[in-house]
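Participant: Below you will find the structure I want to go over with you.
The values are calculated or read from the model by the stated rules, or taken from the named source; none is laboratory data. Because the structure is a prediction, the values reported are computed rather than measured. Reconstructed Cβ throughout: ideal geometry from the backbone, glycine too, with neighbour counts over all protein chains shown.
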Amino acid sequence: MIPLAPGPHKKLIAAGLAAAALIGSGILVARYFAASATDALLEVSEPEPEPTIDFADYDRRLRRLAHVPETAKNTDGLLWPVKAAYPEVGAILPWKRIVAYYGNFYSRGMGVLGEYSEDVMLEKFRKEIAAWEAADPETPVMPAVDYIAIVAQAGAGRDGKYRARMPHTEIDKALAVAEKVNGIVILEVQAGLSDVMTEIKTLEPYLKLPNVHLAIDPEFAMLRRKVRPGLMVGTVDAWEVNAAAEYLAELVRANDLPPKVLVVHRYTRPMVTNAAKIVPLPEVQIVMDMDGWGGMGNKISTYNAYIRPEPVQFTGFKLFYKNDVKWKGSRMLTPKEILDLTPSPSFIQYQ
């Protein structure tokens with residue numbers, strides 16, 4: 001402590017020190033209250049914990065799709081459920097079931113998207129969504145506008161690839177329709193004589209969006225067949241599906257997106273060769289979709305012959321408003337009848 005100097009200034013100096021002490025105390029008090037307010041603010045604005053995957057619920061839902069009892073502790077040796085990588089946060093499946101309306105806005109004959117006016121189509125779509133939610137209340141529906149963005153065609157076109165790429169205005173229309181049902185968009189690729197990955201990459205600006213997913217239709221992938229679409233059924237190999245999945249996974253990682261869904265259509269064994277080598281990824285959920293048309297028994301037989309025995313990850317089932325009812329006594333399968341299949345499909349498509 002510095003001693004006070006003698007003389008007439010002693011009182012003034014003492015008073016100054018006292019004032020300084022008071023000021024210092026005020027600063028300390030102000031700092032205390034400011035610190036307290038900051039602490040309170042930090043308590044209020046503390047960030048919420050990062051979302052995580054409920055692995056137990058995921059496994060439970062997969063067992064439910066496979067009709068495996070809850071009491072079964074060991075699923076080793078069973079075809080279903082498939083043992084694959086757990087998905088990243090934000091994955092759609094198996095927490096929701098995708099119910100899709102399919103087609104192309106230019107064509108009345110390629111599916112319901114182009115067959116009806118938008119108002120009529122949406123009314124029909126909402127009825128199907130409600131029917132599926134009623135049939136399986138535990139699994140909410142994710143509506144999807146399944147738009148054929150790369151269309152196989154009989155004409156060779158300028159480059160001889162027998163496919164037509166839809167303009168951005170039409171794909172934007174699919175996005176707008178999906179918004180009206182709070183759904184997602186699936187862009188279909190019918191590659192013709194072009195390379196599948198070449199066609200997929202033309203859709204990259206849309207695939208970078210969080211609500212846009214992808215489908216490959218091997219029926220119209222003709223590069224290995226070396227004939228134009230329509231003369232025979234096309235084919236893709238597992239390496240092509242894996243290449244598409246890796247490409248989507250890179251987009252997910254680079255753009256901080258939720259996992260993508262990759263649908264692969266199939267109704268014969270040669271449509272997808274080496275299916276056992278297809279590898280689902282944490283960023284990409286793969287659906288093998290039975291898209292054959294016919295009577296009720298034929299459709300179930302096709303599912304049991306070409307989808308059930310070669311498990312990949314999730315399954316799909318396609319329904320045709322017209323082609324499934326061409327035979328006397330035939331009708332479209334009901335949601336309950338489809339849910340009774342093993343495994344229960346996670347993707348339903350209406351054409």
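Participant: Give region 281-300 a look and list any residue that's in contact (Cβ under 8 Å) with a residue 12 or more places away in the chain, assigned to a helix (DSSP H, G or I) and surrounded by fewer than 18 Cβ atoms within 10 Å (Cβ to Cβ), or say none. I'd like the intermediate steps shown before the answer.
Facilitator: Initial filter on region 281-300 (in contact (Cβ under 8 Å) with a residue 12 or more places away in the chain): 281-296, 299-300.
In the following step, the residues that additionally are assigned to a helix (DSSP H, G or I) were identified as 296, 299-300.
Selection gives Met296 alone.
Participant: Exactly one condition in (1) over 22 Å from Glu88 (Cα atoms); (2) surrounded by 20 or more Cβ atoms within 10 Å (Cβ to Cβ) is not met by His213; state its number.
Facilitator: (1)
Participant: Is it fair to say Glu133 is part of a helix (DSSP H, G or I) and either in contact with a strand residue (DSSP E or B) (Cβ under 6 Å, 6 or more places away or on another chain) or loosely packed, with under 11 Cβ neighbours inside 10 Å (or both)?
Facilitator: On the way: part of a helix (DSSP H, G or I): yes; either in contact with a strand residue (DSSP E or B) (Cβ under 6 Å, 6 or more places away or on another chain) or loosely packed, with under 11 Cβ neighbours inside 10 Å (or both): yes.
For Glu133, the condition - part of a helix (DSSP H, G or I) and either in contact with a strand residue (DSSP E or B) (Cβ under 6 Å, 6 or more places away or on another chain) or loosely packed, with under 11 Cβ neighbours inside 10 Å (or both) - is met.
Participant: Considering only residues that are in contact with a Phe, Trp or Tyr (Cβ under 9 Å, 6 or more places away or on another chain) and assigned to a helix (DSSP H, G or I), look in region 323-338 and name the one that is farthest from Leu62 (Cα to Cα).
Facilitator: As a first pass, look at region 323-338 and keep what is in contact with a Phe, Trp or Tyr (Cβ under 9 Å, 6 or more places away or on another chain): 323-324, 326, 332-333, 335, 338.
Then keep just the ones that are assigned to a helix (DSSP H, G or I); that gives 323-324, 335, 338.
Values: Asn323: 31, Asp324: 29, Pro335: 18, Ile338: 16 Å.
Going through the qualifying residues, I end up with Asn323.
Participant: Still on this structure, please answer the following. Filter region 215-245 down to residues that are in contact with a strand residue (DSSP E or B) (Cβ under 9 Å, 6 or more places away or on another chain) and β-branched (Val, Ile, Thr), then give me how many there are.
Facilitator: Qualifying residue count for the region: 4.
Participant: Turning to a different aspect of this structure: Can you pull out every residue in region 310-333 that is over 24 Å from the mean Cα position of the chain (by Cα) and at pLDDT 95 or above? Show your work before the answer.
Facilitator: Step one: filter region 310-333 for residues over 24 Å from the mean Cα position of the chain (by Cα), giving 321-333.
Passing the criteria: Tyr321, Leu333.
Participant: Would you say Pro210 is over 20 Å from Ala149 (Cα atoms), in a loop (DSSP other than H, G, I, E, B) and modelled with pLDDT of 95 or more? Let's see the steps before the verdict.
Facilitator: On the way: over 20 Å from Ala149 (Cα atoms): no; in a loop (DSSP other than H, G, I, E, B): yes; modelled with pLDDT of 95 or more: yes.
Taking the combined requirement at face value, the residue does not satisfy it.
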